[in-house]
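Here is the structure we will look at, set down as structure tokens.
The values are calculated or read from the model by the stated rules, or taken from the named source; none is laboratory data. Values in this document were obtained by computation on a predicted structure and should not be read as measured data. All Cβ positions, even for glycine, are placed from backbone atoms using ideal geometry, and neighbour counts span all protein chains on display.
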Amino acid sequence: MEGPDPPPPEPAGEPSPSDLWLLDRVRRGAPGAWRAVFERHGARVWRFLRAQLGDRSAADEGTQETFVRAHQGLLAGTPVERLLPWLLGIARNVAWEQRRQRARTIPMEEPVEDGAPDASPDPEALLLAGETRALLARALARLGDERRAALLLRIDQGLDYGDIATVLGWSVARVRNELHRGRSQLRLCLIEELSSKEDVHAARV
């Protein structure tokens with residue numbers, strides 16, 4: 001029995017096999033193709049949903065739903081130019097639906113006003129520091145849904161402005177504007193969270 005078709009050659013520095021080659025195999029029903037897609041991008045989709053929803057079990061459920069919808073879309077002939085932004089766009093819709101369901105019983109917090117002093121915690125540095133993830137998660141939870149999604153796509157997923165625009169259905173100009181405002185708002189939220197933590201510590205001393 002002949003084996004699967006070999007992947008096409010790719011430029012240096014790009015993953016192999018390519019996303020487009022994998023998607024073609026998914027559409028042709030090749031065994032293991034969809035599993036390969038999940039293994040390549042599942043962790044990033046889960047991390048995005050975890051940050052959006054603030055709950056591991058909700059992220060698990062959302063990741064499963066995202067890949068079910070993506071698989072159905074591919075088999076239905078949905079055109080896909082870039083796989084990860086497309087998956088994250090589906091995940092964003094799944095997260096929005098889950099938050100809407102939870103909002104029926106859990107009131108959502110109001111976002112704080114924009115603006116922050118120049119000397120403030122850096123979101124990227126905090127995201128990389130494991131001991132401050134809970135602090136950052138609380139600060140992110142205070143942002144509006146769309147602004148939080150834009151920041152996560154940039155800071156955590158490393159997407160460029162064009163891919164973020166694709167995921168969120170925005171113009172590149174709006175992406176730039178929302179990221180600028182979101183960073184300022186996030187810094188202010190971080191300062192307030194740090195201040196609250198210090199007050200609690202001082203009260204215990």
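Would region 167-177 turn up any residue that is modelled with pLDDT under 90 and either touching a Leu at 6+ places or on another chain (Cβ under 8 Å) or outside any helix (DSSP H, G or I) (or both)? No - not one qualifying residue is present in region 167-177.
When you check Pro121 against the structure, is it at pLDDT below 90 and either within 23 Å of Val167 (Cα to Cα) or surrounded by 12 or more Cβ atoms within 10 Å (Cβ to Cβ) (or both), yes or no? In short, yes. Of Ala51, Ala36, all but one fail to be farther than 22 Å from Arg154 by Cα and at pLDDT below 95; the exception is Ala36.
Inside region 76-95, residues that are out of contact with any helix residue (DSSP H, G or I) (no Cβ under 7 Å at 6 or more places or on another chain) and surrounded by fewer than 19 Cβ atoms within 10 Å (Cβ to Cβ) make up a count of 6.
Only residues that are surrounded by fewer than 20 Cβ atoms within 10 Å (Cβ to Cβ) and in a helix (DSSP H, G or I) were counted across region 148-164, and they come to 3. Within region 26-37, residues that are more than 15 Å from Gln72 (Cβ to Cβ) and surrounded by 14 or more Cβ atoms within 10 Å (Cβ to Cβ) sit with their Cβ atoms under 9 Å from residues that are modelled with pLDDT under 90 and charged (D, E, K, R), at 6+ positions apart or across chains, in these pairs: Ala30/Asp5.
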